[in-house]
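The values are calculated or read from the model by the stated rules, or taken from the named source; none is laboratory data. Fair warning: this is a prediction, and the values are worked out from it, not measured in the lab. Reconstructed Cβ throughout: ideal geometry from the backbone, glycine too, with neighbour counts over all protein chains shown.
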Amino acid sequence: MMFNAALAALKGVGAIADGEMADWTNRMLVALGEEPLEPVPPGTARLISFGRNGAQSPERPADPPPESRFLALVPADEPDRPLAYGGRIQILGLELYSDKVSVNWRLAPLPDPQALFAAELSEQEPDLEGLSDDFKKILRDKLIQRLQMQRRSLTLIDDVGTEFRSTGGGSGGGGNERRGHSDFSPGVPAQATQLSVRWDELEFVVALPPNRDSA
C-alpha cells in the first residue's frame, strides 16, 4: 500500500506518467520474486497490496470451517466393566456431531498403577538402589504420571472401515475417580450402523440411530 501511495504521489506531481506506473509496479514485483503483471488497457487502474513477506495479498479470505452440528447422544452396550489391572471403566455415551465423535468416559474406582505399569516400574528398580524411600516414591510417582500421560487406551472404529483419528480431549477428577472425553474425527458416515469403543482389551458396542444426519 505504501508503494502504491508513493507511485500515486509521484504521478500527482507529474514526476511519472501513466505508462511508467505499470513499469515501476512490475519492477517491484520482480524485485520481490513475483511474476510481473499482465498488461492492462490504457487508463485502467490496478491496485496491488503486499503482505509482510512481500507477497501479494489474497483476493479474498479463506472460507470459514463448516459449522459443527450436534446430531445425537447415544449410549454404549454394557457401559460399566471391570479392568484387568484394577478399577472400572464406564463409557457414559457418545456425542455424534457432523464433523466428529466425542466419547465420554469415567474411571471409578481408578486402576491400580502398580499393576497397570508393573513392567515399567520393574525396569526402574535398578535406578532406585541406594535411594531413600521418600526419594524412591517421588521417582516412581513421576514415572507413573509420565506413563499415564503417554498412554492411549481408547480407540474408535465403525462397521464401514472409517479411519478415526484422535483430535484431543480432556479429563479431570479427584478422590478415586476420573472423568473425561476423547474426540475423534471425522464424523460418522451415514452408511455406518454401529461404533465400537475400545478401552485396551474391552470393547463397547454402540448402535447408531437411523436418520441421524437429519437432526
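The criterion of being at pLDDT below 65, assigned to a loop (DSSP other than H, G, I, E, B) and basic (K, R) holds for R52. Please find, within the stretch 162-186, the residue that is nearest to L208 (Cα to Cα) out of those that are in a loop (DSSP other than H, G, I, E, B) and modelled with pLDDT under 95. Ranking the qualifying residues of the stretch 162-186, first place goes to N176. Any chance the stretch 113-130 includes a residue that's touching a Phe, Trp or Tyr at 6+ places or on another chain (Cβ under 6 Å), more than 25 Å from D183 (Cα to Cα) and touching a residue at least 24 places away in the same chain (Cβ under 8 Å)? Yes, because at least one residue in the stretch 113-130 is touching a Phe, Trp or Tyr at 6+ places or on another chain (Cβ under 6 Å), more than 25 Å from D183 (Cα to Cα) and touching a residue at least 24 places away in the same chain (Cβ under 8 Å).
Report yes if S153 is touching a helix residue (DSSP H, G or I) at 6+ places or on another chain (Cβ under 8 Å), small (G, A, S) and closer than 27 Å to G168 by Cα, otherwise no. Spelling it out, it is not the case that S153 is touching a helix residue (DSSP H, G or I) at 6+ places or on another chain (Cβ under 8 Å), small (G, A, S) and closer than 27 Å to G168 by Cα. Does L110 satisfy the criteria of being within 30 Å of L195 (Cβ to Cβ), assigned by TED's automatic domain parsing to the domain that holds E177, in a strand (DSSP E or B) and not hydroxyl-bearing (S, T, Y)? Criteria not met by L110.
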